[in-house]
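Everything below concerns the one structure shown next.
What follows draws every value from the coordinates through simple rules; no lab data is involved. The structure presented is a predicted model; accordingly, all values stated were derived computationally and were not measured. Positions of Cβ are generated from backbone atoms using ideal geometry, with glycine treated the same way; all protein chains shown enter the neighbour counts.
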Amino acid sequence: MCYGRCARCIGHSLVWLAILCIVANILLYFPNGETKYASENHLSRFVWFFSGIVGGGLLVFLPAFVFIGLEKDDCCGCCGHEDCGKRCA
């Protein structure tokens with residue numbers, strides 16, 4: 001089966017979800033739109049560890065761009081193409 005088109009669709013979805021995750025985690029630094037919580041050190045350690053920004057955001061860009069960067073729909077099974085199975089060998 002050819003998965004190139006599906007992988008690109010998943011890649012584009014991952015990019016937008018990663019951007020939303022970064023924005024949502026940046027908003028955690030400013031509860032109610034105020035900066036006093038960060039300046040008075042009232043934020044939890046999970047907010048300070050940047051786990052949502054780095055893990056849920058930046059690291060998701062790597063597989064997203066790999067999925068988007070697939071060159072063409074390439075079938076690994078015999079689908080009648082000349083280069084059938086050459087790329088997956």
Once you place label points 7 Å from the Cα toward the Cβ at V23 and R5, how far apart are they in nm? 2.9
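Arrange the peptides 29-39, 50-60 so that the one whose residues have, on average, the most other Cβ atoms within 10 Å appears first.
On the way: 29-39: 10.9, 50-60: 15.5.
For the peptides 29-39, 50-60, the packing ranking is 50-60, 29-39.
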Given a Förster distance of 22 angstrom, what is the FRET efficiency for V15 paired with F46, based on the Cβ-Cβ distance and rounded to 0.05? 0.35
Testing the spin-label approximation: label points 7 Å from Cα along Cα→Cβ at E34 and F61. State their distance in nm. 3.3
